[in-house]
Amino acid sequence: MSVDGERHGEAAMLAVAAGLGAVATGVLVLALGGAGRIANTPVDVPWLWLVVAFGACEAFGLRVERRQGEQYGFTAALVPLAAGLVYTEPGALVAARLLGVAVVLLVVRQRRPAEAAYELSIHLAQTVAAVVVVRAVLGDSDPVGLHGGVSVGLALAASYAVSSVALAVLIATVSRGLPGWRMVGALARTDLPSGGLNAAIGIALALALWNQDRVAVQLLLVAIVLACIASNRVYSRLYERRRGLEALRDFITTVVRSADMAEIASSVLGAARSFVRADDAVLLIDTVTDGDPGRRYAVGPDGIEEQRTSLVEHRADIARLVPDGVPCRVAVGADAPAWLRARTSVDALAAPITAANGSVLGALVVTHARRKAASHFGDNHARLLGELAEQASLAIENGLLFMVLEHEAAERAHEALHDPLTGLPNRARITEVIEESLQPRLSGFGRVGLIVVDLDSFNQVVDAFGHSSADGLLVQVSGRMRHLLPESAALGRLGGDQFVVVMPNVADTGEVVAAARLLMAGFDPPFQSEGVLLALPVNIGLAVYPDHAVDGQSLMQRSLIAADAARRHHSGWEVYDPMNDPATPRRLALGADLREAIESDDLDVCFQPKVELASGVVRGAEALVRWTHPRLGRVRPDEFITIAEHTGDIRSLTMVVMRKALDQCRSWRDLGIDLSVAVNLSARNLLDLHLVDDVDQALRDSGVPFEALTLELTESMVMSESQRSLDVLSGLAKLGVRLSCDDFGTGYSSLAHLRRLPIGEIKIDQSFIVSMTVDDSDRAIARSVLALGRDLGLTTVAEGVESREAWDLLTSLGCGLAQGYIVCPPLTPRQFREWLDRREPHELATIPEVDEGPATHDDPSRTRGV
């Protein structure tokens with residue numbers, strides 16, 4: 001009960017006590033004031049004996065529960081009341097009863113003032129009502145005759161009616177309602193059997209005393225009191241024992257069926273409170289696995305409450321509660337646990353919870369919150385609590401075992417769905433997260449974003465520092481990424497150096513792009529490994545459902561494709577683009593058609609000249625592949641070259657272009673035109689250990705001098721630290737072919753690394769050339785690259801020269817060669833031969849008119865492979 005409810009109950013008891021006491025006192029004074037004993041009674045029952053009798057009956061009363069909600073009350077108080085009605089003055093009878101009951105309530109049971117006042121007012125009203133009724137009904141009749149017996153019986157019945165009505169009024173006052181007749185009848189029926197028995201004994205005693213002397217009366221009263229006390233105590237013990245055995249049986253039946261510790265604790269605590277009639281109970285249980293805290297269970301307002309405690313505190317509490325490992329009284333002093341002192345300052349009892357091997361697993365503690373003599377724990381309570389604890393120990397040990405098994409199963413389930421190194425969800429779990437996020441109830445905006453983060457150059461970290469340091473670096477990466485992502489995002493590890501981010505319920509693609517950019521910026525600060533600061537660039541790919549995918553599987557696949565595109569394009573991050581996806585229906589069809597075109601020699605090779613800036617002399621040409629599909633028309637080179645890389649046809653495609661380029665170079669030389677030819681390589685080509693042999697064989701078959709072939713590679717390909725790539729580059733250099741670093745200035749070149757590589761030419765990326773005449777920064781970059789080329793003894797080539805101003809500026813800066821639309825667009829072999837025939841050495845074309853064909857001004861795209 002709450003504090004406010006308890007205060008309201010005490011106020012109600014005081015109000016009922018005041019009203020009932022005032023009425024009873026008024027009746028006693030006004031109606032019975034000065035009244036003596038019933039006339040002509042031969043026996044005078046001593047007042048002191050009545051005090052003792054009423055006190056003993058109150059002290060040894062018994063309430064027996066017959067069934068739920070119904071009790072029998074057994075008290076011998078009606079025996080001395082019946083005798084007092086006949087043989088004692090009303091005032092003396094009232095005083096004797098009040099004094100005897102007050103001593104027991106205040107001294108022995110230590111009732112609170114409100115409770116004591118209420119119970120004393122009941123006794124006062126019962127006595128006054130009985131006296132009034134017996135004198136009104138008896139009149140002048142003989143008190144030991146039939147009429148007298150009836151009058152005493154009615155008087156005793158009236159006393160019961162007064163107590164029942166008073167209790168109903170109290171309940172109505174507390175509940176703020178009106179008592180019904182059913183409530184009054186139910187309250188009266190609970191005491192009817194014992195009331196009838198006591199009334200019969202009292203009436204018989206009154207009749208038996210009529211002709212007895214004083215000594216016999218005293219002895220008889222003593223005998224009756226002693227008999228009541230003895231029978232009360234014997235019956236109480238038997239009843240408590242039977243009730244304890246029944247409760248123990250019910251507890252064992254219930255607890256053995258449960259494996260849940262909360263249910264077991266609830267049963268144990270409920271049984272403990274019931275067994276020993278305790279106000280509260282607490283169960284302490286030891287740890288389940290190493291490192292786990294102790295557990296303390298108690299009954300709270302919402303059911304069983306579990307509190308975790310430190311291992312040191314937990315074991316210290318058990319040592320104080322059951323020091324000898326047997327049930328015992330607990331001294332609630334200053335050294336008692338704080339949680340125990342908060343529950344009681346009166347009385348506590350504890351029993352050990354033991355394992356099968358005899359070790360103590362915990363303790364079962366019961367307490368009394370208030371000081372009541374009848375509530376003090378004795379040896380019988382300790383024995384009952386020990387029996388309960390013994391029976392509970394097996395169930396608790398089984399519950400702990402079940403918790404261990406659950407813990408191990410949870411760990412295995414967690415390990416199955418999480419990466420052991422970083423603790424992040426693994427591929428299996430992240431797949432579940434994606435599917436869950438696609439559910440309509442979780443995707444309010446209807447969109448789900450997926451980001452794949454691929455660590456670049458991570459293999460070099462493994463090679464340089466070993467797997468242990470690389471693992472530590474992955475842990476650093478996962479920790480940094482966690483802090484960069486919103487709370488709603490889920491971070492997982494796909495394996496190796498790939499991570500994935502699931503962003504449920506996003507508004508649009510822009511929200512996912514913003515997260516990707518934030519991730520990229522978060523990788524700018526270097527990481528530390530083995531005391532060394534490491535820059536760790538990333539390739540990020542992202543896709544959004546349903547914009548780019550129809551389900552979770554395709555969403556993952558297309559994010560990976562976007563990450564691969566970011567790696568190939570060196571863009572840092574990419575949104576999924578079907579152009580980069582080899583698995584689209586168009587690209588799947590193109591893959592098959594491309595293989596057929598390679599085998600049937602349906603690919604065209606165009607040439608764009610390289611002109612010496614200082615003299616205007618044509619020094620060579622770059623070979624560019626073109627494909628005109630029979631149904632789809634012209635296909636962009638970057639599209640079908642990407643397809644070739646994914647299908648594994650890039651080697652065949654490269655060699656087709658190379659052989660055609662070398663054959664054309666051979667034909668120029670046969671005509672006395674000393675030109676070199678350049679062919680682009682794909683990153684996949686650089687990983688092909690057969691490339692050196694293929695180039696060697698193609699040159700030998702064509703008869704072109706090895707130094708007349710230039711192989712162009714992008715800057716990022718040249719800077720690759722892969723040992724296989726370095727081996728291929730070294731092999732090509734040994735053949736005598738020239739190697740050119742294409743798109744120079746767009747990557748992250750190490751000058752020392754560039755100096756060690758067999759590179760003979762660098763090509764300034766056209767992005768700098770286009771704007772260098774109007775942008776000081778681009779002009780400075782172009783100037784620096786040209787100076788670097790001269791210092792390293794490399795040939796310098798400017799790409800994408802389209803204006804006279806750019807041509808003149810490059811000439812003044814000392815650039816060696818140029819190619820672009822100011823000279824000539826890519827031309828077919830026939831067009832290229834005609835262009836050579838009609839061109840003067842110093843002539844620059846604005847944009848020459850050429851025949852319709854695969855290479856025109858509206859198709860300026862160049863390959864990034866062949």
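If we sort 601-610, 620-629, 518-527, 408-417 on the protection proxy, mean other Cβ atoms within 10 Å, highest first, what's the order? It would help to have the intermediate numbers written out before the result.
Working: 601-610: 20.8, 620-629: 22.8, 518-527: 14.7, 408-417: 11.3.
Ranking the peptides 601-610, 620-629, 518-527, 408-417 by packing returns 620-629, 601-610, 518-527, 408-417.
Please calculate the 1.4 Å probe accessible area of residue 619, with all protein chains present, and give it to the nearest 10 Å².
Estimated to the nearest 10 Å², residue 619 gives 110 Å².
At a 10 angstrom cut-off on C-beta neighbours, averaged per residue, how do the peptides 531-538, 791-798 rank from highest to lowest? It would help to have the intermediate numbers written out before the result.
Details: 531-538: 14.6, 791-798: 19.2.
Final packing ranking: 791-798, 531-538.
For the full complex of protein chains and a 1.4 angstrom probe, list 457, 468 by accessible area with the highest value first.
Numbers: 457 55, 468 95 Å².
Per-residue accessible area, sorted high to low, gives 468, 457.
Hey, any idea what Rg/Rh is for the range 410-532, computing Rh the Kirkwood way over Cα pairs?
Values: Rg = 15.4 Å, Rh = 15.4 Å.
Dividing the radius of gyration by the Kirkwood radius yields 1.00.
Can you give me the orientation-averaged projected area of the convex hull built on the Cα atoms of the range 274-430, in nm²?
11.7 nm²
Provide the gained length on full extension for the span residue 22 to residue 329, in nm with one decimal, where the gain is 0.36 nm per separating residue minus the Cα-Cα distance. Each step should come with its number before you reach the end.
Details: separation 307, 0.36 × 307 = 110.52 nm, distance 4.46 nm.
Between residue 22 and residue 329, full extension yields 106.1 nm more.
How would 277, 295, 659, 447 line up by accessible area, probe 1.4 Å, largest first? Kindly include the intermediate steps, with their values, before the conclusion.
Working: 277 120, 295 15, 659 95, 447 75 Å².
Reading off the accessible areas and sorting them downward yields 277, 659, 447, 295.
Work out how much length residue 390 to residue 837 would gain on full extension: take 0.36 nm times their residue separation and subtract the Cα-Cα distance, in nm to one decimal.
Details: separation 447, 0.36 × 447 = 160.92 nm, distance 11.08 nm.
Length gained, residue 390 through residue 837: 149.8 nm.
Can you give the accessible area of residue 387, probe radius 1.4 Å, in Å² rounded to 10?
Result for residue 387: roughly 50 Å² accessible.
If you stretched the chain out fully between residue 667 and residue 462, how much longer would it get, using 0.36 nm times the residue separation minus the C-alpha to C-alpha distance? The partial results should precede the final answer.
Working: separation 205, 0.36 × 205 = 73.80 nm, distance 4.93 nm.
Result for the pair: 68.9 nm of gain on full extension.
Rounded, prolate or oblate: pick one for the range 751-833, where a ≥ b ≥ c are the square roots of the eigenvalues of its C-alpha gyration tensor, a/c under 1.5 means rounded, and failing that, prolate if a/b is larger than b/c, else oblate.
Taking the square roots of the gyration eigenvalues as a ≥ b ≥ c, the range 751-833 is oblate.
The values are calculated or read from the model by the stated rules, or taken from the named source; none is laboratory data. Bear in mind that the values here come from a model prediction, so they are computed numbers and not experimental data. All Cβ positions, even for glycine, are placed from backbone atoms using ideal geometry, and neighbour counts span all protein chains on display. SASA here: full protein model, heavy atoms, side chains in, ligands and nucleic acids out. Shrake-Rupley method; radii C 1.70, N 1.55, O 1.52, S 1.80 Å.
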